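K.L.:
Got a structure for you, written out below as structure tokens; questions coming shortly.
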């Protein structure tokens with residue numbers, strides 16, 4: 001399904017070898033294939049989400065949640081997924097596509113199930129979900145407040161300051177945990193900034 005020779009030409013040999021190592025160690029899981037697109041999880045230092053897609057008349061396009069994907073066109077995790085997909089037989093590929101169809105049907109069934117629920121029961125479900133995630137809870141409280149009354153530039157400045165690191169962050173785990181928190185804050189901040197007049201933005 002994916003042109004491995006074309007991918008090889010675009011990456012360093014070390015990156016390709018590392019990707020092969022991940023594939024050979026069975027680190028690729030939750031593989032889902034929909035048409036010309038493949039999605040999977042790849043276990044490395046953390047679990048990363050990878051998407052690979054064949055674009056007609058263009059190169060294979062890869063995206064990954066790993067840090068290396070910011071500066072590499074195709075990272076080792078994307079290579080591992082390409083190798084996994086290409087190792088499948090025609091029957092296995094057909095099964096993978098069938099699984100994707102089943103998941104699509106499940107999504108539709110789940111939406112229909114939610115639509116049948118009374119409003120108070122749906123509210124209980126949402127509140128239960130929000131109570132399990134501090135970031136999600138804070139995000140929705142912020143959205144509710146901002147929906148009722150746009151925040152002032154002063155309030156937004158405080159939030160931006162809160163989202164910036166208080167000290168130099170160098171260790172990989174510290175950096176990762178900082179960006180997880182900051183990302184959830186900026187996810188709230190940017191839509192609020194868009195509500196301000198252009199000169200205040």
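K.L.:
Select, from 69, 62, the only residue that is part of a helix (DSSP H, G or I), within 23 Å of the chain's Cα centre (by Cα) and surrounded by 12 or more Cβ atoms within 10 Å (Cβ to Cβ).
P.N.:
Working: 62 fails: part of a helix (DSSP H, G or I).
Being part of a helix (DSSP H, G or I), within 23 Å of the chain's Cα centre (by Cα) and surrounded by 12 or more Cβ atoms within 10 Å (Cβ to Cβ) holds for just one of 69, 62, which is 69.
Residue-by-condition table, conditions (1) assigned to a helix (DSSP H, G or I); (2) loosely packed, with under 15 Cβ neighbours inside 10 Å; (3) at negative phi:
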residue	(1), (2), (3)
9	yes, yes, yes
38	no, no, yes
42	no, no, yes
78	yes, no, yes
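K.L.:
Also: Name the single residue, out of those in the range 124-174 being in contact with a helix residue (DSSP H, G or I) (Cβ under 8 Å, 6 or more places away or on another chain) and not in a helix (DSSP H, G or I), that is surrounded by the fewest Cβ atoms within 10 Å (Cβ to Cβ).
P.N.:
For the range 124-174, the residue satisfying everything is 164.
K.L.:
Now a separate question. Criterion first (surrounded by 18 or more Cβ atoms within 10 Å (Cβ to Cβ), within 20 Å of the chain's Cα centre (by Cα), modelled with pLDDT of 85 or more and part of a loop (DSSP other than H, G, I, E, B)) does residue 74 satisfy it? I'd like the intermediate steps shown before the answer.
P.N.:
Values: surrounded by 18 or more Cβ atoms within 10 Å (Cβ to Cβ): yes; within 20 Å of the chain's Cα centre (by Cα): yes; modelled with pLDDT of 85 or more: yes; part of a loop (DSSP other than H, G, I, E, B): yes.
In short, yes.
K.L.:
Oh, and also: Given the criterion surrounded by 15 or more Cβ atoms within 10 Å (Cβ to Cβ) and either part of a strand (DSSP E or B) or at pLDDT below 90 (or both), identify the matching residue among 88, 83, 18.
P.N.:
Going through 88, 83, 18 in turn, just one is surrounded by 15 or more Cβ atoms within 10 Å (Cβ to Cβ) and either part of a strand (DSSP E or B) or at pLDDT below 90 (or both): 88.
K.L.:
Take the residues in the range 46-59 that are in contact (Cβ under 8 Å) with a residue 24 or more places away in the chain and outside any strand (DSSP E or B); name whichever of them is farthest from residue 8 (Cα to Cα).
P.N.:
Per the criteria, the residue is 46.
K.L.:
Look at residue 31 and say whether it is more than 19 Å from residue 10 (Cα to Cα), in contact with a strand residue (DSSP E or B) (Cβ under 8 Å, 6 or more places away or on another chain) and surrounded by 17 or more Cβ atoms within 10 Å (Cβ to Cβ).
P.N.:
yes
K.L.:
Assuming residue 101 fulfils every condition listed in (1) out of contact with any helix residue (DSSP H, G or I) (no Cβ under 6 Å at 6 or more places or on another chain); (2) modelled with pLDDT of 85 or more; (3) in a helix (DSSP H, G or I) apart from one, which condition is it?
P.N.:
(2)
The values are calculated or read from the model by the stated rules, or taken from the named source; none is laboratory data. Values in this document were obtained by computation on a predicted structure and should not be read as measured data. Please note: Cβ atoms are built from the backbone with ideal geometry, for glycine as well, and neighbour counts cover all protein chains shown.
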